[in-house]
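The values are calculated or read from the model by the stated rules, or taken from the named source; none is laboratory data. No experiment lies behind these values; they were computed from the predicted model shown. Cβ sites come from the backbone with ideal geometry, for glycine too, and all protein chains shown count toward neighbours. In case anyone asks, the SASA skips ligands and DNA or RNA and just uses the protein heavy atoms, side chains included. Shrake-Rupley method; radii C 1.70, N 1.55, O 1.52, S 1.80 Å.
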Amino acid sequence: MKVKQLSIFLENQSGRLAEVAGALGSEGINIRALSLADTSGFGILRLIVNDIAKARKVLQDKGFIVKETDVIAVEVPDCPGGLASVLNALAAEKINIEYMYAFVEKSSKDAIVIFRIENIDEGIRALLSKGINVLTAEQVYAL
Amino acid sequence: MIWNKEAECMPVEQRRELQSALLQKTVRRCYEKVPVYRKKFDEAGIKPEDIRSVDDIKYLPFTTREDLIENYPFGMFAVPMEEIVRIHSSSGTTGKPKVVGYTKNDINVWAEVMARTIGCGGAGKNDIVQNAYGYGLFTGGLGIHYGAEKIGATVIPISGGNTKRQIMVMQDFGSTMLACTPSYALYIADTAAEMGVDIRKLPLKYGIFGAEPWTDSLRKEIEEKMGIRATDIYGLSEIIGPGVSSECEVQNGLHVFDDHFLPEVIDPNTLEVLPPNTPGELVFTSLTKEAFPIIRYRTRDLSMLMIDPCPCGRTHFRMGRITGRTDDMLIIRGVNVFPSQIESVLLGVEGIAPHYLIVVDRVDSLDSLEVWVEVSEKVFSDEIKVLEALEKRIEREIESVLGLSVAVRLKEPKTIERSEGKAKRVLDKRPKT
């Protein structure tokens, strides 16, 4: 149930994000979800794509620093209190969230939240025990 | 004000005789007391008795920064430790600084040449000297302090930093002379303006500024903003600290107190002594130092000597402003910085690529220091806090080596320019004029 995410180091410079997107697009790689975290000097782009190995190679060949990280994707009811129920499940087990980002999936009623947590197996257990739907990697890549 | 008329206005020929006698004494002292010099002289085939006048100085071997570092800490001292009353040092290159020692008499000599410096700058016993040079191992603070006391002035040992307090003291105590680096003087002036304080209306009349190269246009700016006369002073701890030379009110070159420190200018490539008014590398020989005598020290500072008489009446030969360096040393906020110091810190951080760039600029009239470092896969994390902690860690380590605050910027791989020959490690964006 672990999903592979790519993280890319970007300097805060105009056009860098466009280069990443362009390189992936021209190789037929589809971006499923993304988030960009930034500081005054640099940013970290986090991506979930349909073909992680290929995407990694394309970007590395372009000279980018790329890292693979395991994250989990959770289906959250797209309604008030939906996210709170998921977060409570993690909080109850004292599981700290390093970062997260969310997107709404167009073909279903649910939102999908990507979590990066320290102990991923514990996190998955905690969520499943509360009946929360944790997506498999295949489900996510195929979204 | 001329503090010591007899010494400062001595006829040139008379001083040459004095210099010759003192040089012979220093050479003998070095040969007898310091094995490093004995070895150097023997290798050059020079005996102390071969040196009969200042004209013979050209036969003596040079002393370099490397000699001092190799003999760290006390290997160049010419007296036993019981006679050393003070130690100062430069900031360390790759960890090892240049260490210098002073006897009681050396401190007196230092106070004497600093009293001359303060006199050159215009102040005397009725003045109040606000000493905003740092006190500590750096020679600036205590050098000014002893000189100001010797001349009979009132010293405010405020040291550097805390600019609003500097301005408050200037207002409340009625300081008449300010001593600090020229860039800090400008920073004080700008801060005062922001606070709505008009320094020109305060009693402040003189400023003696040194420890970093500056220009006539910066002088003009300081003089206008503060309503003072700004004087350039020069020194280096290897010779004594500040007090090696100073401008007078004519502001036309710095009088070298050459009854204590004998100047030469050489071609840094051929090592030949150059005639007056010809730019080259400054070389000094101490004539009266006891603890740490030094023979033909290559300062790496570029300047020239002027021997024509100065209207002020002082007969010392003068040196021009420092126009640059023959090595890669940077002077940032008065502190000597070698790129190798920063490199050694970076090499100690696992996973940091060997490519870096030191970016020096001037922000709000103060020097700023940035170090650009390329990120590698090894240190890259998908968490911001990890990368920020890495930046902070490198900043702290560089700060502890240099004693200067620095900002580390992480860069993408291969974004720092590679060069075909000697790597370009420094981008100095500070205005040159």
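In chain B, the DSSP-assigned H stretches of four residues or longer account for a calculated mean residue ellipticity at 222 nm of -9500 deg cm²/dmol, using -39500 (n - 2.57) per stretch and the full residue count as denominator.
Sequence gap at least 6, Cα distance under 8 Å: using those rules, report the relative contact order of chain A to the nearest whole percent. Relative contact order comes out at 29 percent. Which whole-number percent is the relative contact order of chain B (Cα, under 8 Å, 6+ apart)? Reported as a whole number, the value is 14 percent. Legend: distances between Cα atoms for A:4/A:106; B:39/B:104; B:378/B:411; pairs beyond 19 Å are A:4/A:106; B:39/B:104.
Helices in chain A, meaning DSSP H runs of at least 4 residues, each add -39500 (n - 2.57). Divided by all residues, the mean residue ellipticity at 222 nm is -9500 deg cm²/dmol. The simple spin-label model puts a point 7 Å past each Cα toward its Cβ; for residue B:25 and residue B:193 those points are separated by 5.0 nm. Taking the inverse of the average 1/r across all pairs of different Cα atoms in the stretch B:172-282, what Kirkwood radius in Å do you get? Computed over Cα pairs of the stretch B:172-282, the Kirkwood hydrodynamic radius comes out at 15.6 Å. Across the stretch B:214-219, computed HN-Hα scalar couplings (Karplus, 6.51 cos²θ - 1.76 cosθ + 1.60, θ = phi - 60°) run 9, 10, 5, 5, 5, 4 Hz from first to last residue, x flagging Gly and Pro. For the stretch B:44-114, the carbon plus sulfur part of the accessible surface works out to 50%, probe radius 1.4 Å. When the pairs B:98/B:164; B:40/B:96; A:2/A:54; A:2/A:130 are compared against a 25 Å limit on Cα-Cα distance, B:98/B:164 fall above it.
The stretch between residue B:12 and residue B:50 holds 11.3 nm of extra length on full extension. This uses 0.36 nm per residue minus the Cα-Cα distance.
Under 5 Å between amide hydrogens, built in the peptide plane, is the criterion, and for residue B:411 it picks out B:373, B:374, B:375 among residues at least 5 positions away or on other chains.
In summary, the protein assembly as shown shows an alpha-carbon radius of gyration equal to 1.29 times the 2.2 N^0.38 Å reference for compact globular proteins. Within the assembled protein chains, the solvent-accessible surface assigned to residue B:217 is about 60 Å², based on a 1.4 Å probe. Straight-line cross-link partners of residue B:205 among the aspartates and glutamates, defined as a Cα under 14 Å from its Cα and at least 8 positions apart when in the same chain: B:127, B:223, B:224, B:249. In the stretch B:376-400, burial by the other protein chains removes 50 Å² or more of accessible area from B:377, B:380, B:382, B:383, B:384, compared with the chain on its own (1.4 Å probe, ligands and nucleic acids ignored).
Taking a point 7 Å from the Cα of residue A:136 along the Cα-to-Cβ direction, the residues of the stretch A:1-33 with backbone N closer than 17 Å to it are A:1-4.
Note on exposure: A:140, B:335 ranked by accessible area (1.4 Å probe, complete protein assembly) read B:335, A:140, with the most exposed listed first.
Stokes-Einstein diffusion of chain B at 37 °C, 0.692 mPa s viscosity, Kirkwood radius from Cα pairs, rounded to a whole number: 144 µm²/s. Computed over protein heavy atoms with a 1.4 Å probe, the accessible surface of chain B works out to 41 Å² per residue. On a per residue basis, the stretch A:1-126 carries 48 Å² of accessible surface, using protein heavy atoms and a 1.4 Å probe. When the P(r) is computed for chain A, the part past 28 Å accounts for 21% of the Cα-Cα pairs.
Residues of the stretch A:11-53 whose accessible area (probe 1.4 Å, heavy atoms of protein chains only) drops by at least 50 Å² once all protein chains are present, relative to their chain alone: A:11, A:42, A:44. Hey, for a label at residue A:11 modelled as a point 7 Å past Cα toward Cβ, could you say which residues of the stretch A:35-75 have their backbone N under 14 Å away? Those under the cut-off are A:41-43, A:63-65.
Only bridges whose two residues both fall in the protein assembly as shown count here: according to DSSP, what percent of them are antiparallel, nearest 5?
Of those bridges, close to 75 percent are antiparallel.
The three principal axes of the Cα atoms in the stretch B:1-85 give end-to-end lengths of 40, 33, 22 Å, sorted in falling order. Simple spin-label estimate for residue B:43 and residue A:57 gives 5.9 nm between the two label positions (7 Å along the Cα-to-Cβ direction from each Cα). Annotation for the B:A interface, with buried accessible surface near 1700 Å², both sides summed [1.4 Å probe; non-protein components not counted]. With R₀ set to 60 Å, the beta-carbon distance separating residue B:250 from residue B:82 gives a calculated FRET efficiency near 0.85. Counting only protein heavy atoms and a probe of 1.4 Å, the accessible surface of the stretch A:21-130 is 48% carbon and sulfur.
Across the accessible surface of the stretch B:127-214, with the other protein chains kept in place and a 1.4 Å probe, carbon and sulfur atoms take up 52 percent.
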